[in-house]
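S.K.: Quick one: this structure, given as structure tokens, is what I'll be asking you about.
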Amino acid sequence: MRIAVAGKGGVGKSVFVGTLARLRARAGEDVLALDSDPMPGLALSLGVESPDAPLADAVGRGPDGRWRLRPGIGPVRAVQRYAVIAPDGVRLLQAVKVPPGGGSPVPGTAQGFREVSRRIGDAPAFRDWTLVGDLSAGPRQSAYDWAEYAQTIVVLAEPTWQSALTARRILRIVRTKERDAILVATKVRSAVDAERVAQMVGESTFATLPADEEITQADRRGQAPIDHAPGSAAVRAIAALGERLASRR
Ligand SMILES: Nc1ncnc2c1ncn2[C@@H]1O[C@H](COP(=O)(O)OP(=O)(O)OP(=O)(O)O)[C@@H](O)[C@H]1O
Ligand SMILES: [Mg+2]
């Protein structure tokens, strides 16, 4: 399975990607989670401490002055050296990180991450791996193709106009590039909610994920949803959606 998840801020991208990654790893798959969001949402939902300056030692300036992976560090080595290991053996590679006190991320790390995400899809060492990506909020990263490894872009929308309009825009951008994109409704409380998402976005939903108080509780406690509430409705729905995505080719 090779997917990346996009959508407006707060729709549940990180909860979905982190939980899916853990579930697929438990099922025996080698899983690499790629986080291109500078805020540590995915690390939280995976249940791992996020590294302070991921990829900082992996990048350098080339002769042309541009940042790139240093000579001798390809995408495979970058993951081997700089990804952190989350519970269930999930590897997490984070693009850039805004330092806890604010300010700018380490220079060059975003470019290094983009290079990994551009090349990892073709790396023979990762041919059998499950790749799941968490894109930062809004359409920008979809537009500039931060997830070239993904066969499908999963666009999440909750039952609000703002998130629906963002989803519509991302779906259009992704399909303009002749890539596969599907719509998933999140934080759905009823069949009416699910129908509203479809109507607001203007297309049918591939799946829906329920609004689930247990997920909110997990966040309050700073725990990964799958650790706090493995049997919750949302985690079960993510597992079912994972099965469908795995068989979608
Ligand atoms: N199915 C759900 N039911 C209830 N609450 C949820 C659900 N999914 C996510 N949430 C809550 O919504 C909030 C945002 O979730 P999450 O961080 O996954 O969103 P995001 O799309 O990654 O946001 P951002 O764009 O800021 O990274 C969190 O407080 C999370 O606990
Ligand atoms: Mg997030």
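S.K.: Starting from residues that are near ligand 2 (Cβ under 9 Å from one of its atoms) and farther than 15 Å from L131 by Cβ, keep the ones in region 37-49 and report whichever is surrounded by the most Cβ atoms within 10 Å (Cβ to Cβ).
M.R.: S45
S.K.: Something else now. Can you give me the ranges of the strands (runs of 3 or more DSSP E) entirely in region 138-249 with at least 3 residues that are over 25 Å from F113 (Cα atoms) and out of contact with any Lys or Arg (no Cβ under 6 Å at 6 or more places or on another chain)?
M.R.: Ranges flagged: 180-188, 207-210.
S.K.: Taking P139 and the conditions (1) buried (at least 23 other Cβ atoms within 10 Å of the Cβ); (2) within 16 Å of ligand 1 (Cβ to nearest atom), which numbered condition does it fall short on, given that it satisfies the others?
M.R.: So the condition that P139 fails would be (1).
S.K.: Determine whether region 123-144 contains at least one residue that is β-branched (V, I, T), within 16 Å of ligand 2 (Cβ to nearest atom) and over 25 Å from A246 (Cα atoms).
M.R.: no
S.K.: Condition check: more than 16 Å from V79 (Cα to Cα), without any contact (Cβ under 8 Å) to a residue 24 or more places away in the chain and either more than 11 Å from ligand 1 (Cβ to nearest atom) or out of contact with any helix residue (DSSP H, G or I) (no Cβ under 9 Å at 6 or more places or on another chain) (or both). Does A4 satisfy that?
M.R.: Criteria not met by A4.
Here's the yes/no breakdown for (1) touching a Lys or Arg at 6+ places or on another chain (Cβ under 7 Å); (2) more than 13 Å from ligand 2 (Cβ to nearest atom):
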position: G10; (1), (2): no, no
position: R26; (1), (2): no, yes
position: L34; (1), (2): no, no
position: A56; (1), (2): no, yes
position: W67; (1), (2): yes, yes
position: A78; (1), (2): no, yes
position: A86; (1), (2): no, yes
position: R91; (1), (2): no, yes
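S.K.: Continuing with the same structure: Suppose we filter T152, T166, T130, T109 for residues that are within 16 Å of ligand 1 (Cβ to nearest atom) and either among the polar types (S, T, N, Q) or surrounded by 17 or more Cβ atoms within 10 Å (Cβ to Cβ) (or both); which single one remains?
M.R.: Going through T152, T166, T130, T109 in turn, just one is within 16 Å of ligand 1 (Cβ to nearest atom) and either among the polar types (S, T, N, Q) or surrounded by 17 or more Cβ atoms within 10 Å (Cβ to Cβ) (or both): T166.
S.K.: Does any residue of region 41-49 turn out to be within 28 Å of G231 (Cβ to Cβ), touching a residue at least 60 places away in the same chain (Cβ under 8 Å) and acidic (D, E)?
M.R.: no
S.K.: From (1) at pLDDT below 95; (2) under 19 Å from the mean Cα position of the chain (by Cα); (3) not polar (S, T, N, Q), pick out the condition that doesn't hold for G47.
M.R.: Unmet condition: (1).
Conditions (1) charged (D, E, K, R); (2) closer than 21 Å to I170 by Cα; (3) within 11 Å of ligand 1 (Cβ to nearest atom), marked per residue:
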{"residue": "F16", "(1), (2), (3)": "no, yes, yes"}
{"residue": "G28", "(1), (2), (3)": "no, no, no"}
{"residue": "D35", "(1), (2), (3)": "yes, yes, yes"}
{"residue": "R66", "(1), (2), (3)": "yes, no, no"}
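S.K.: Okay, moving on. Give region 12-36 a look and list any residue that's among the acidic types (D, E) and surrounded by fewer than 24 Cβ atoms within 10 Å (Cβ to Cβ), or say none.
M.R.: If the condition is that a residue be among the acidic types (D, E) and surrounded by fewer than 24 Cβ atoms within 10 Å (Cβ to Cβ), then E29, D30 are the ones that fit.
S.K.: Can you tell me which residues in region 127-154 are under 19 Å from A83 (Cβ atoms) and in contact with a strand residue (DSSP E or B) (Cβ under 7 Å, 6 or more places away or on another chain)?
M.R.: Residues satisfying the conditions are W129, T130, L131, V132, G133, D134, L135, A147, Y149, A150.
S.K.: Y82 passes all but one of (1) surrounded by fewer than 22 Cβ atoms within 10 Å (Cβ to Cβ); (2) modelled with pLDDT under 95; which number fails?
M.R.: (1) is the only condition that Y82 fails.
S.K.: So, in region 28-43, how many residues would count as being at pLDDT 95 or above and farther than 23 Å from V76 by Cα?
M.R.: 0
S.K.: Provide a single number: the residues in region 90-105 that are modelled with pLDDT of 90 or more and loosely packed, with under 13 Cβ neighbours inside 10 Å.
M.R.: 0
S.K.: When residues of region 189-218 are filtered for being among the acidic types (D, E) and in contact (Cβ under 8 Å) with a residue 12 or more places away in the chain, how many remain?
M.R.: 4
S.K.: Further question on the same structure: So which residues in region 199-213 are surrounded by fewer than 17 Cβ atoms within 10 Å (Cβ to Cβ) and closer than 11 Å to P159 by Cα?
M.R.: Listed by number, the list holds a single entry, Q199.
The values are calculated or read from the model by the stated rules, or taken from the named source; none is laboratory data. Quick caveat: nothing in here was measured; it's all calculated off a predicted structure. Neighbour counts are summed over all protein chains in view; Cβ atoms, including those assigned to glycine, are modelled from backbone coordinates with ideal geometry.
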